[in-house]
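Heads up: the structure comes next, in structure tokens.
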Amino acid sequence: MKERNLGPSGLRVSVVGLGCNNFGAKLDLEGSRKVIHKALDTGITLFDTADMYGNRGGSETIIGEVLGTRRKDIVLATKFGWEMDDTGRMRGASRRYIMSAVEASLKRLKTDWIDLYQYHKPDPLTPLEETLATLDDLVRQGKVRYVGCSNMPAWQVAKSQEIARARNTTTFISCQDEYSLVVRNVVEPQLAAAMEHYALGLLPFFPLASGLLSGKYARNNMPADGRLSQAQRWADKYLSDGNWTKVEKLEVFAKARGHTLLELAFSWLACKAPVTSVIAGATTPAQVEANVKAAGWELTAEEMAEVDKITAA
């Protein structure tokens, strides 16, 4: 497994990362254990979770239970900010909340430090200055090694970096946002430009668009057990005529070069300049192995340009 530096830092992560959102939700402890062990065996070093994954705390708890002495072998990333209770009080990015959230995550993860602590979504009620100062304190205390952001618009990423630079405090090293062959507008062009300016690494999630780019779906053949068949909100988001047309053209493109749509989805991302590691969830060890193998196609500049023509519309 190839590794890359995450953004401007010295933190090395695997080109394919493991998204841990299924742990505690779709997968129980034993199912999660199998996926985690397969990820370790295939050379994945970046494990990405969040405090709210797995029905609020379940994912972190399972990771803490399973890793044991292997904790030192991985880069452990988690997030804070999303709602952790039904009252709406346990959320956000205030100093008061972050200080309690990080302690709860450390306890669930059974670790003394978090390698990458990510601001999960913007909190309009808390000044950025307060959030950034608190994250800097966590780094200085040794509880957090690096910080990143997620679901943050380009202007806010830029403002955060400038605030931290002016105060000589810890800056973000990464952004985690949705990015795939059929969802490019979240990152391009504004966020991509901001990441390039500040040398930030991108950790794209939903690389397969909830399975649309996995190769198992067709316009007139929808497997009953797939996410797009079972969850209407994902179907409404991804199953448009325009996306089907792109998928069909991309499948032809990949097949003509001896590859699958899955391989194209992962490898295209791995070849994009801001991308450091492709975050992919899995519910079986076989899916982990397939995701790792899928990122090995080194597309040429001409191939990347052709894919851009297919997907840019």
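Per residue, the solvent-accessible area of region 97-145 (1.4 Å probe, heavy atoms of protein chains only, all protein chains present) comes to 43 Å². Based on the Kirkwood approach, the hydrodynamic radius assigned to region 65-214 is 16.2 Å, with every pair of different Cα atoms included. Under 25 Å of direct C-alpha separation, and excluding same-chain neighbours fewer than eight residues apart, LYS143 reaches these lysines: LYS72, LYS79, LYS107, LYS110, LYS121, LYS159. Per-residue ellipticity at 222 nm from helix content only, as computed over the chain with -39500 (n - 2.57) for each DSSP H run of at least four residues, stands at -13500 deg cm²/dmol. With all protein chains in place and a 1.4 Å probe, the accessible surface of the chain carries 50 percent carbon and sulfur.
Charge dipole of the chain (Cα centre as origin; +1 on each Lys and Arg Cβ, -1 on each Asp and Glu Cβ, all else neutral): 400 debye, rounded to the nearest 20.
Determine, from the Cβ-Cβ distance of GLN156 and GLU188 and an R0 of 22 Å, the FRET efficiency 1/(1 + (r/R0)^6), rounded to the nearest 0.05.
Details: r = 17 Å, r/R0 = 0.77.
Plugging the Cβ-Cβ distance into 1/(1 + (r/R0)^6) gives 0.80.
Annotation: amide H-H contacts under 5 Å for TYR146 (H modelled 1.01 Å from N, sequence separation of 5 or more, or interchain): LEU116, TYR117.
Considering only beta bridges that DSSP places wholly inside the chain, some 15 percent are antiparallel.
The packing ranking of peptides 204-212, 245-253, highest mean first, is 204-212, 245-253, where packing means the average number of other beta carbon atoms within 10 angstrom of each residue.
If a spin label sat at a point 7 angstrom from the Cα of VAL252 along the line to its beta carbon, the backbone N atoms of region 282-313 nearer than 18 Å would be those of 303-313.
Extension gain for ALA286-GLU3 works out to 99.7 nm (0.36 nm per residue, less the C-alpha to C-alpha distance).
Taking every DSSP bridge with both residues inside region 1-123, close to 25 percent are antiparallel. Dimensions of region 1-128 from C-alpha coordinates, computed as largest minus smallest value along each principal axis and given longest first, are 42, 36, 23 Å.
The values are calculated or read from the model by the stated rules, or taken from the named source; none is laboratory data. The model shown is predicted, which means the values in this text are computed figures rather than measured ones. Note: ideal-geometry Cβ built from the backbone for every residue, glycine included; neighbour counts use all protein chains shown. The area values use the complete protein model at the heavy-atom level, side chains included, leaving out ligands, DNA and RNA. Shrake-Rupley method; radii C 1.70, N 1.55, O 1.52, S 1.80 Å.
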